Number of protein chains: 2
Amino acid sequence: MAIPAERSPRGPGAEGEGAPLHLHRHAARPTIEDVAQFAGVSRGTVSRVLNGGHHVRPAVVANVNFAIETLGYSVNQAARNLAAGRTGSVAFVVSEHQEHIFEDPNYVLFVSVFGKELRRRGRHLLLTAAEDTEEEIFIGNYLSAGHVDGALLALPHADEPLLARLAQSRLPLVVIGRPLGYEDELSWVAIDDDTSAYEMVSYLVGRGRKRIGTVTGPLNTSGGRDRFEGYKRAVGPTFRASFVAEGDWSLESGRVGAKQILARHHNIDALFAASDLMALGALAALREAGRRVPHDVAVAGFDDSVAASLADPPLTTVRHPCEEIALEALRVLDDLMEGRSAGPEHVVLPTEFVRRRSA
Amino acid sequence: MAIPAERSPRGPGAEGEGAPLHLHRHAARPTIEDVAQFAGVSRGTVSRVLNGGHHVRPAVVANVNFAIETLGYSVNQAARNLAAGRTGSVAFVVSEHQEHIFEDPNYVLFVSVFGKELRRRGRHLLLTAAEDTEEEIFIGNYLSAGHVDGALLALPHADEPLLARLAQSRLPLVVIGRPLGYEDELSWVAIDDDTSAYEMVSYLVGRGRKRIGTVTGPLNTSGGRDRFEGYKRAVGPTFRASFVAEGDWSLESGRVGAKQILARHHNIDALFAASDLMALGALAALREAGRRVPHDVAVAGFDDSVAASLADPPLTTVRHPCEEIALEALRVLDDLMEGRSAGPEHVVLPTEFVRRRSA
DNA sequence: CGGCCTATTGGGAGCGCTCCCAGTCCCACG
DNA sequence: CGTGGGACTGGGAGCGCTCCCAATAGGCCG
């Protein structure tokens with residue numbers, strides 16, 4: 001019942017000879033019209049209920065919902081998107097080489113949260129990794145061509161041509177992390193890297209550590225730069241460049257960086273790595289050099305990724321609220337897409353000091 | 001030009017008073033009609049060109065393509081999907097806990113390949129992780145409700161209720177890896193785990209190793225089981241259960257497993273881990289136990305993931321052709337979705353022995 | 001040279017929604 | 001009791017495609 005026989009076949013042809021085959025494809029998913037008929041209201045009313053139920057009597061809302069439940073109706077996104085003039089998808093753009101992406105648990109977490117949340121809103125997540133400049137151009141074109149309603153960007157490097165391109169398109173955009181050079185024009189969600197790093201290094205100082213080295217993130221990213229600034233502020237006048245090595249967030253770069261510093265100052269008593277992964281690398285380097293952690297050298301990481309608690313010893317680190325960042329970015333993007341926000345929005349989320357055994 | 005003034009506004013209202021505002025949204029993306037007009041053909045012809053150009057004169061095809069290029073036209077997926085009666089998306093379902101997923105580079109590679117390839121075909125990738133039974137039910141309903149055109153499954157465990165549920169839905173489905181218990185009814189793409197493992201362990205035997213331990217994958221997965229079978233076949237009558245520890249693919253389980261075997265047989269001279277990650281863990285355990293690799297103990301992994309070449313020493317392993325598997329799975333799924341295949345299709349892809357320094 | 005067949009082409013119908021204009025109904029107010 | 005106005009509803013129009021039927025244009029055979 002409620003799947004009326006008059007659901008007309010595709011073309012005008014082939015009437016009366018028994019139901020045309022293509023009518024049965026997929027057991028005829030019910031449409032909004034079926035629901036309307038079942039509930040004894042009009043298509044318009046069902047649509048209203050589907051979209052928040054405003055201006056519909058509560059009793060009618062209940063009726064319609066009952067019909068929806070009974071018929072097992074679920075909205076056809078394609079039709080909705082076409083009618084509403086949107087695409088129904090949001091892109092998540094990362095510009096990194098694949099090896100790095102897979103290494104970084106944060107990305108995976110972002111993807112997971114974005115995917116789940118967007119599905120709840122009847123939207124899709126489009127994953128795009130810009131591995132080289134050519135890809136970036138393709139992506140830029142693709143995004144500007146109107147295939148997506150908005151985009152979430154995680155572009156660590158400051159010199160992104162993609163960013164410049166997208167900044168002037170009208171596409172709703174939210175950047176994860178502070179976009180160097182576009183802080184004012186674009187919306188972004190980030191943490192206070194500087195202060196977080198400052199607090200961590202101050203903690204090391206407070207524990208009596210005197211010779212504190214650091215493996216920084218890439219200094220052309222806001223995260224890398226700001227965490228380094230925090231470190232400098234905390235060590236104060238004792239700062240010396242020979243205590244610093246620049247890494248690229250990766251485990252390997254942490255190992256190499258720690259080795260360099262160790263070669264220059266065999267007596268360092270603490271090491272602040274700007275990411276957990278690099279801290280893991282540093283841990284390996286220290287082990288190889290025969291240093292005990294935290295007894296000889298205290299090690300601090302950043303991110304509080306899964307790796308941090310699995311490390312040996314578990315890492316003292318700064319919790320980077322990835323999930324909250326993801327949700328907040330989504331909220332800002334929603335506002336942008338629905339035209340609810342006046343201008344670029346900037347959100348800074350708090351971090352949290354996590355003390356474990358490495359420092 | 002070519003954006004004709006007669007593109008009618010939404011409703012019948014507000015004519016003649018200058019163009020209604022909403023006409024300008026997004027700079028009016030050109031439609032198939034605009035292209036048709038520009039090329040001097042009909043909508044139908046443009047559509048034909050868009051879909052392969054069959055039954056259209058080459059000269060006309062060229063014309064239409066020129067128009068498309070000139071106007072910067074790109075198809076509106078929502079409209080296409082609605083008209084074609086499909087959803088335009090494909091789900092990739094993984095059932096694993098998040099920590100494991102992020103640990104496994106294979107998944108990330110799959111996601112990347114699927115995403116890129118599907119985008120090329122104008123489809124979306126829907127990522128869904130079934131973290132618990134409740135989630136599985138939700139996903140099962142969601143998929144069966146007709147929100148996707150097909151699904152790719154990576155469900156390592158044999159006892160998947162989700163699998164049972166989906167197996168009887170009419171949804172086109174391709175499983176990555178051999179689905180224990182559903183080998184015949186479902187399509188799948190896999191490698192020959194048994195033979196690959198057999199060859200690897202035979203290699204160890206051929207190098208004169210006599211006491212070969214193994215850390216297996218979960219024995220309720222086809223991969224774990226089959227690699228173990230290959231190991232048993234290769235060691236032959238010298239097989240003893242005390243040389244075996246069951247792992248769960250994770251690094252940590254590799255370490256634990258190796259330690260167990262080491263405790264029982266302090267004189268093992270080779271170790272076959274059913275995954276690179278577990279081999280990495282085993283490497284750590286051996287290092288802690290003061291064994292040199294490969295001098296004292298040869299170590300072999302499986303997968304040839306990025307981790308394998310970064311390990312110290314680099315791992316001798318079996319290359320698992322992830323990318324090829326992904327592409328093949330997509331092809332099979334395409335066939336299924338387009339109704340081109342008669343029944344379930346089964347593909348077994350070749351692996352490759354990769355010799356590095358660990359064995 | 002006429003008729004038949006096939007390769008092309010045009011364009012009507014419709015996919016399942018959202019939007020929005022016109023009512024319709026009902027209640028408070030004067 | 002008449003009227004204005006707000007809360008609800010119904011349903012036409014249209015989103016931009018694909019499908020498919022009918023129509024046209026050649027090409028080939030007898």
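The values are calculated or read from the model by the stated rules, or taken from the named source; none is laboratory data. Bear in mind that the values here come from a model prediction, so they are computed numbers and not experimental data. Positions of Cβ are generated from backbone atoms using ideal geometry, with glycine treated the same way; all protein chains shown enter the neighbour counts.
Observations on the structure shown:
Residue-by-condition table, conditions (1) in contact with a Phe, Trp or Tyr (Cβ under 7 Å, 6 or more places away or on another chain); (2) modelled with pLDDT of 95 or more:
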| site | (1), (2) |
| --- | --- |
| A:Val201 | yes, yes |
| A:Gly206 | no, yes |
| A:Thr214 | yes, yes |
| A:Leu219 | yes, no |
| A:Ser222 | no, no |
| A:Glu229 | no, yes |
| A:Val244 | no, yes |
| A:Trp249 | no, no |
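- Residue within the stretch A:74-83 that is modelled with pLDDT of 90 or more, within 16 Å of DNA strand D (Cβ to nearest atom) and among the β-branched types (Val, Ile, Thr) present: yes
- The set of residues in the stretch B:218-277 being over 26 Å from B:Ile191 (Cα atoms), in contact (Cβ under 8 Å) with a residue 24 or more places away in the chain and basic (Lys, Arg) consists of B:Lys259 alone.
- Residues in the stretch B:313-344 that are within 18 Å of B:Leu152 (Cα to Cα), over 10 Å from the mean Cα position of the chain (by Cα) and aliphatic (A, V, I, L, M) were compared, and the one that is surrounded by the fewest Cβ atoms within 10 Å (Cβ to Cβ) is B:Met337.
- Residue list for the stretch B:120-143, filter: within 8 Å of another protein chain (Cβ to nearest Cβ) and β-branched (Val, Ile, Thr): B:Thr128
- All positions within the stretch A:207-238 that are under 15 Å from A:Val318 (Cβ atoms), crowded, with 22+ Cβ neighbours inside 10 Å and not hydrophobic (A, V, I, L, M, F, W, C): A:Thr214, A:Thr216, A:Gly217, A:Gly223, A:Gly224, A:Asp226, A:Arg227, A:Gly230, A:Tyr231
- Flag for A:Ala241 being surrounded by fewer than 18 Cβ atoms within 10 Å (Cβ to Cβ), assigned by TED's automatic domain parsing to the domain that holds A:Val201 and hydrophobic (A, V, I, L, M, F, W, C): yes
- The residue that is farthest from A:Arg123 (Cα to Cα), among those in the stretch A:138-153 that are buried (at least 19 other Cβ atoms within 10 Å of the Cβ) and among the aliphatic types (A, V, I, L, M), is A:Ile139.
- Filtering the stretch A:31-39 for residues that are among the charged types (D, E, K, R), under 22 Å from B:Ala84 (Cβ atoms) and either surrounded by 15 or more Cβ atoms within 10 Å (Cβ to Cβ) or more than 9 Å from DNA strand D (Cβ to nearest atom) (or both) leaves a non-empty set.
- Test: residue in the stretch B:66-74 that is at the interface with another protein chain (Cβ under 10 Å from one of its Cβ atoms), over 28 Å from B:Arg331 (Cα atoms) and surrounded by fewer than 16 Cβ atoms within 10 Å (Cβ to Cβ): yes
- Here B:Glu352 meets each of (1) in contact with a Lys or Arg (Cβ under 6 Å, 6 or more places away or on another chain); (2) modelled with pLDDT of 95 or more; (3) under 20 Å from B:Gly213 (Cβ atoms) with one exception, condition (3).
- Of all the listed residues (A:Leu162, A:Leu204), the sole one being more than 22 Å from A:Glu117 (Cβ to Cβ) and not assigned by TED's automatic domain parsing to the domain that holds A:Leu336 is A:Leu204.
- Set A:Val148, A:Val113: member being more than 8 Å from every other protein chain (Cβ to nearest Cβ), in contact with a strand residue (DSSP E or B) (Cβ under 7 Å, 6 or more places away or on another chain) and at pLDDT 80 or above: A:Val148
- Look at the stretch B:328-343: where a residue is touching a residue at least 40 places away in the same chain (Cβ under 8 Å) and a partner is among the small types (Gly, Ala, Ser), sitting 6+ places away or on another chain with Cβ atoms under 7 Å, you get B:Val332/B:Ser187; B:Leu333/B:Gly150; B:Leu336/B:Gly150; B:Leu336/B:Ser187; B:Met337/B:Gly150.
- For the stretch B:40-76, the tally of residues that are out of contact with any His (no Cβ under 8 Å at 6 or more places or on another chain) and either in a helix (DSSP H, G or I) or among the aliphatic types (A, V, I, L, M) (or both) stands at 24.
- Residues in the stretch A:117-138 that are at pLDDT below 85, within 16 Å of B:Tyr142 (Cα to Cα) and part of a helix (DSSP H, G or I): 2 in all.
- In the stretch A:47-85, of all residues being touching a residue at least 40 places away in the same chain (Cβ under 8 Å) and closer than 18 Å to B:Leu125 by Cα, the one that is farthest from DNA strand C (Cβ to nearest atom) corresponds to A:Gln77.
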